[in-house]
Amino acid sequence: MTDKIKVVIANLKPLDEKFDDLIKLLKKKLPEARDVDGCKSMNACIDHKTKSIILYEVWITEEAHKKYVEWRKKTGVHDMISDYLKDRSFSYYTYLV
């Protein structure tokens, strides 16, 4: 069962001048993800020194996460977040133990 569960790490590199605004937006929008079908958990971590944000997400499958991203694109939140970023990446992991 745990071989299908996916941990998603999203690395967000905001524009320096948008760092605080992005934090406010994420505090408002990320809790919504916890109610999305397939989301087991969603957490955000901030490094104030490097002004970077890591999203640590656990999904029942990679497909469930991709469906969530598509939903965020349809609602405009994905583009809204993009306006604050200079870079973003997603990595998918499977539990080892």
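FYI, it's all coordinate maths here, none of it is from the lab. Being a predicted model, the structure only gives us computed values, none of them experimental. Neighbour counts run over all protein chains shown; Cβ positions are idealised from the backbone, glycine included.
Against the set (i) -0.58, -0.82, -1.00; (ii) -0.51, -0.74, -0.91; (iii) -0.82, -0.98, -1.11, the structure's computed log10 I(q)/I(0) by the Debye sum over Cα atoms at q = 0.15, 0.18, 0.20 Å⁻¹ falls on (i). Once both labels are positioned 7 Å from their Cα atoms along Cα-to-Cβ, the gap between ASP47 and ASP21 label points is 2.4 nm.
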